[in-house]
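Worksheet: one structure, shown below.
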């Protein structure tokens, strides 16, 4: 029996799967904060191209993947589904563990699945440049790659402290031709305002979002791109779950548990959404979202309308939220530090279709190191959360239980976090109850 | 037509290919520096296990790969052969370019192909611990991975300046459980001697080799492991070329040119050696070794007996050499900074079967960036040299010329070198003629 189940390029899915028409209850609409009414496509046109806006609301179950996107996907897709036999042995489980390896892409994560698609649709609508924000640089480097593949310019506002302290993903994005500004920058009105108040400001994701959106809104030839949360982002990521389904079918396996880590929800959403129809038809599949105890959106948040960003500039999203001004403690899984989650994912959690569990970061690093010492590959700290969840599911599992998780990225740019772990400098953060309570009190008043 | 040619695990080669019995002239023997007579297996037993010594001299054409090694190989092997269509378009060539992607292994290079094998053979002979030296950490991290897979301890002497300045590969090796000492260290007699003379010594590969060998020679349960140069290392790497042959056969291609970068010769040797019998039978294959102008061993060295290390502790190897005390300028392709080359490779260069060409580092970085911007993946600076050679071969190529190269590793740990390139801080070093001349005058006097 092979360790890797590999599809040929011919077997790569021809269409993305859109769960919207299959939902047992419709997804609550995104609201315009001024009118409190559902946003219209026209509201979004200043910052997104029409084809992506249409995907955001599409009633079609299958959305064809254009050939030009499939060609770029083919640089690294289909990705392998791997059996983690050595890990199984090390934990002495009777379960069979598989992981979908999205770390094999050029930027090292699942992020290019949507970056490539977004770059393509912007390109065909005549857009010349995309802007975005990035924290540690996973999303920024992926968008730089996507833009380079279609000859678009890419302008990235990177949180200043990360720009200074984490140069590697920034350099990777620059190698793919992106322009990077540390945020707050003097390139935008909002950035200049922030700098006028605090010239030493080290930035935040919220500030960087505002700068990126400002540039898109003010320039005809420029649009904005988001790496998670929105429906069309999760849609593009469904190629992950669709491939996984095919790969499991080839070896005659049916998943009992699907696990993924959740920050904004795009890697996990893309992974499990194609299995939702099976579950709705009665298949007994546990779908488990894993999040950090330090940012327990799904396990401790409220299911309410809230802003997607700290500066309250986005439309209102119905989601589990810890409050838009909740700033999570500085855990190393930077990609999981988001106060909300994708509305689609939250809706499915609310309907009881998806479960969630939170873990501390040190136990996640322990699991990641066990993984690296058995399966070889070094996981990203975000991915480590999924692995922690998998190991817990595998302990005391009955014979033949099938656990599959999404291996969202590698940890080769996160070795300083591993160093902190080895030096005993990694702190666990208790559930920040008081801070969350305060933040939740400031939620907009909408039911 | 697919971009990737992928073999199943069942199609992974069952045996390594040993070129020794197929050589048109026998390989000049390795000499004991004291007696000037060929070394015997017994000479080598204090530092290597018998099974590897036997492989070093084996007259067998095929050496079976044990199942336990194949199982670990299967974590990342067979590796893909990829068609570089986007690169072809960008340079406007009529040639077809393929690359064998060895960057997909957990340590990110071809190195584990021999690290795994060496760890296995030491393990079955009862060895408890392996020692080695490492510069930037490619080889050290690969051996750490190999040792972890078979439960061996791994002790690595890392050149002190790299230990301090290049922590990432060191941290990767530590994640796989290796013990790392900055060299010169106070753990060996030789290290203490060096430190007594110069407490601030930043180390060199030569010093680190001496420390690693000393520990192996003085401890019953410990052996030494080398990551390149020797026959058995190139033997283990032939899995690369054997897979490449199968993959080319599947798509009905015959290579016109095989290209690889050369430091000690292991990635390139493993890649081209399986094609040598075809060339000897009359197939018109150009086999091109690419090296840096700053360390032009094959293009400017003498084919003479010399020591493998700076401290003159190894047996004498007949090879192209720049002299054992030639210290190359500090180019970023650290893995190509070796004064000699594998005797097997040198023998084939001397027989006219392999050609060599040298390139400057900035033109190699230029090629690497073109590659990253078209094919997505970021190459190691070493691999960049192969790519430079490929592009030159592809320019003005006739219709349908097939160029295949070994993509020996990724550059994700080398982004500071890319940064230096972008900042214009990358220096080209002219052929250091005077230094080489001086160094060559000190060669041992053996014909």
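Since every read-out is calculated from the coordinates, none of them should be taken as a lab result. No experiment lies behind these values; they were computed from the predicted model shown. Glycine gets a Cβ as well: all are built from the backbone with ideal geometry, and neighbour counts include every protein chain shown.
Below, the figures for the structure above:
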read-out	value
Exercise: per-residue mean of other protein chain Cβ atoms within 10 Å, A:72-78	4
Average projected area [Cα convex hull, chain A], square nanometres	19.8 nm²
Cα-based equivalent ellipsoid of the range B:165-213: semi-axis lengths in Å, sorted from largest, via gyration tensor	21, 12, 9
Cα-based radius of gyration of the range B:314-447 once divided by 2.2 N^0.38 Å, which approximates compact folds	1.19
Convex hull projection area averaged over all views, the range B:221-289, Cα basis, nm²	5.4 nm²
Radius of gyration, Dmax [the range A:192-251; alpha carbons; angstrom]	18.9, 60
Volume per residue that the Cα convex hull of the protein assembly as shown spans, once the total is divided by residue count, Å³	160 Å³
P(r) histogram, all alpha-carbon pairs of the range A:113-258 included - 5 Å bins from 0, percent	2, 11, 18, 19, 17, 12, 8, 6, 4, 2, 1, 0, 0
Helix A:231-250 axis, angle to chain A major axis (alpha carbon atoms, nearest 10°)	10 degrees
With Cα atoms, 0 to 90° folded angle of helix B:138-149 axis to chain B main axis	80 degrees
Relative contact order [Cα under 8 Å, 6+ residues apart], the range A:312-352, whole percent	44 percent
Mean separation of Cα contacts under 8 Å, 6 or more apart, over the residue count of chain A: relative contact order %	18 percent
q = 0.18 Å⁻¹, the range A:33-141: log10 I(q)/I(0) [Debye, one scatterer per Cα]	-1.05
Whole-angstrom Cα spans of the range B:403-443 along principal axes, big to small	39, 31, 21
D (Stokes-Einstein, µm²/s), Kirkwood Cα radius, the range B:184-316, 0.890 mPa s at 25 °C	138 µm²/s
Inter-site label distance for residue B:313 and residue A:312 at 7 Å from Cα along Cβ, in nm	6.9 nm
Gain on full stretching of the segment that runs from residue B:251 to residue B:363 - 0.36 nm per residue minus C-alpha separation	37.1 nm
Computed Rg/Rh of the range B:351-412, alpha carbon atoms with Kirkwood Rh	0.99
Averaged over B:146-154, number of beta-carbon atoms from partner chains that fall within 10 Å	1
Kirkwood Rh in Å, taken over the range B:1-71 so that all alpha-carbon pairs contribute	15.2 Å
Peptide-level mean, for A:345-353, of C-beta atoms on other protein chains within 10 Å	0
Principal-axis tilt of helix A:381-394 within chain A, Cα atoms, nearest 10 degrees	30 degrees
Where the Cα pairs of the range B:281-365 fall when distances are cut into 10 Å bins, in %	18, 47, 28, 6, 0
Ranked packing of B:70-81, B:229-240, most packed first, by mean Cβ within 10 Å	B:229-240, B:70-81
Kirkwood Rh in Å, taken over all unlike Cα pairs in the range B:103-164	11.6 Å
